[in-house]
Amino acid sequence: MSSSKTSHFLPLPPLSLRTPPPPYRRPTIISTYSHQPDRSIRHDDSSMAYYRPAPIGCDLNHGFDRRTERNESVDEHLDGLCDALRKVEEESGKGERKGGIITWRGMITRIMTAPYEDREGWEMTAIALDGSVYVELHDPPDVRAKRRKQQSTWAWQTYMGYSFESFSTQFLVPEQENEDWPTGWGGDVNTNVQWCNVVRSAIGDIPLCLGGEVDCVRAEPGTPHPGLEKCVELKTNRVIENEKQEFIFHKKLLKHWAQSWLLGIPEIEVGFRDDSGILRNQRAFETEKIPRFIASVPSAHPPWTPGPCLHFLHAVLNLVLTHILPTDPCLRYPPDSIRRGEQSPLPPATMWRFSFIPRRGCELYEVGQMGVDDTGRWGGVLKEDYVRWRMSR
C-alpha cells in the first residue's frame, strides 16, 4: 500500500562498519504459554519438550503421511503474545517497559539480518498503544497464498526439520507409542503444538518485549521450566561435502545465531542429514560463540559479522519509535473516556508501515487511521478487548 504522506528512508550500514554496536541486554523471561494440538492456548508449560539426542541413522522421512499441519490461512497476529502480557500484568502488576517495541522474535530477526539479505524484502505494520509500539509482518492474503505455493515445493525438506525435532525430544506426557515407531521417535508431527517464551530485553536504550517459540529444554523429563540457560534450538542441514556447501551453512548460521541470541537460547543443536533424509551426524553450537567461530573461518571476506546487524536493528527501531510513539491515542484520550462503556467507539489507530528493500535500506511511512475493522481488530492488528483493557487502565 502506498501513501502520499511523508516517508523516511534509512540506508543500510556499510558491511565494513567496525564501530562498536549498541549492547543487547541479556533477555529475562516474563511468561510462557503453550499451543495445544488443536491450536488453543494454555498459559503453562504443557507443550514444553525435553531434549534427548536423536539416534544417528534415524530416517527423517518417518511419519510424513501422518503429519498434522497448522492452518496458515488463519492470521493470529500478536494474539498469543498480547494475551500473555495481559495475564502477567493482571496477576503480578508487572508490565513491559514503556517506550519500546512489542513483537515476535521473528520480526526482530528479519530486521537484524537485513544487511546481509540481498534477495527477499519484507514489510511490517506498526501501531502505538499505551506507550509501546506493536509490530507485526504485513502479510496480505495474496502474498500469503503465493508463499504457501512456494513452500509446497519444499514441504519434504521442511518436514525433515520437524521430524528431527520429534526424534530429539520427549514430552512429560508422551504420546501412546505405535508399534511401527522407530527408536527415538517422540510422536507424530503436529505443527499446531508450540511452546512459547516471552522475554524482556533491550537494544541500547530501546526496550524490547519479544515472544518466540522454543524447541526444547535440556533437563530431566518432569522438571519445571529450568530457565532460558537450559533452552535448546534444533536445526537441520544437509551434510556438508564441499567448500561451497560449507560457505552456505556459515551464512545460514547468521539467522540461527540471531534467532537464538534474541531469545536468550544458549545452545543450537544441528542435525546433518543426507539427501535420502538419513541423519548422519549432529553438532552443538554455543550461541554466543558463533560470531567468533565465523570470524575464525579462513576467508578474505567473512560471510557476516554482527556489528552491522546490531547497528541497523537499533537504527530501524529508533526511527520507528521516534515517529510512531507520538501517534499513541492514549496521549490524547483519557482513560475515563474509554471506561464509559464497552459500546463507546475506540479512537482510531494510526497505522504505519516500514519496508525493507534489499541492498538499499528501510522506508517508514504512515498509512492512515483505522478503528475496529470487520474482524474485530483495532488498526487491523490488535483485538478490540485487549485495546479497551490497555486504554482503560
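The values are calculated or read from the model by the stated rules, or taken from the named source; none is laboratory data. Quantities reported herein were computed from a predicted structural model and do not represent experimental measurements. Every residue, glycine among them, receives a Cβ derived from its backbone with ideal geometry; neighbour counts consider all protein chains shown.
Can you pull out every residue in region 262-280 that is of a type in the set (Gly, Ala, Ser) and within 30 Å of SER201 (Cβ to Cβ)?
Listed by number, the residues that qualify are GLY264, GLY271.
Against the definition (modelled with pLDDT of 95 or more, under 30 Å from TRP352 (Cβ atoms) and surrounded by 12 or more Cβ atoms within 10 Å (Cβ to Cβ)), how does VAL198 come out, yes or no?
Values: modelled with pLDDT of 95 or more: yes; under 30 Å from TRP352 (Cβ atoms): yes; surrounded by 12 or more Cβ atoms within 10 Å (Cβ to Cβ): yes.
Yes: the conditions hold for VAL198.
Every residue, every condition in (1) of a type outside the set (A, V, I, L, M); (2) surrounded by 14 or more Cβ atoms within 10 Å (Cβ to Cβ); (3) over 20 Å from the mean Cα position of the chain (by Cα); (4) modelled with pLDDT of 95 or more, yes or no:
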site	(1), (2), (3), (4)
GLY100	yes, yes, no, yes
ILE108	no, yes, no, yes
VAL133	no, yes, no, yes
LEU137	no, yes, no, yes
LYS146	yes, no, yes, no
THR153	yes, no, yes, no
PHE171	yes, yes, yes, no
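Counting only residues that are of a type in the set (Asp, Glu), surrounded by 14 or more Cβ atoms within 10 Å (Cβ to Cβ) and more than 15 Å from ILE29 (Cα to Cα), how many does region 205-226 have?
Step one: of region 205-226, the residues of a type in the set (Asp, Glu) are 205, 213, 215, 220.
Restricting the remaining residues to those that are surrounded by 14 or more Cβ atoms within 10 Å (Cβ to Cβ) gives 213, 215.
Those still in the list that are more than 15 Å from ILE29 (Cα to Cα) too: 215.
Qualifying residue count for the region: 1.
Among residues belonging to region 227-256 that are out of contact with any strand residue (DSSP E or B) (no Cβ under 8 Å at 6 or more places or on another chain), of a type outside the set (A, V, I, L, M) and under 19 Å from ILE108 (Cα atoms), point out the one that is surrounded by the most Cβ atoms within 10 Å (Cβ to Cβ).
LYS255
Please go through region 16-62 and pick out each residue that is outside any loop (DSSP other than H, G, I, E, B), of a type in the set (S, T, N, Q) and under 30 Å from PHE312 (Cα atoms).
Within region 16-62, THR28, SER31, THR32 qualify.
Taking TYR365 as meeting all but one of (1) farther than 19 Å from CYS82 by Cβ; (2) in a loop (DSSP other than H, G, I, E, B); (3) touching a residue at least 12 places away in the same chain (Cβ under 8 Å), write down the number of the exception.
Looking at each condition in turn, TYR365 falls short on (2).
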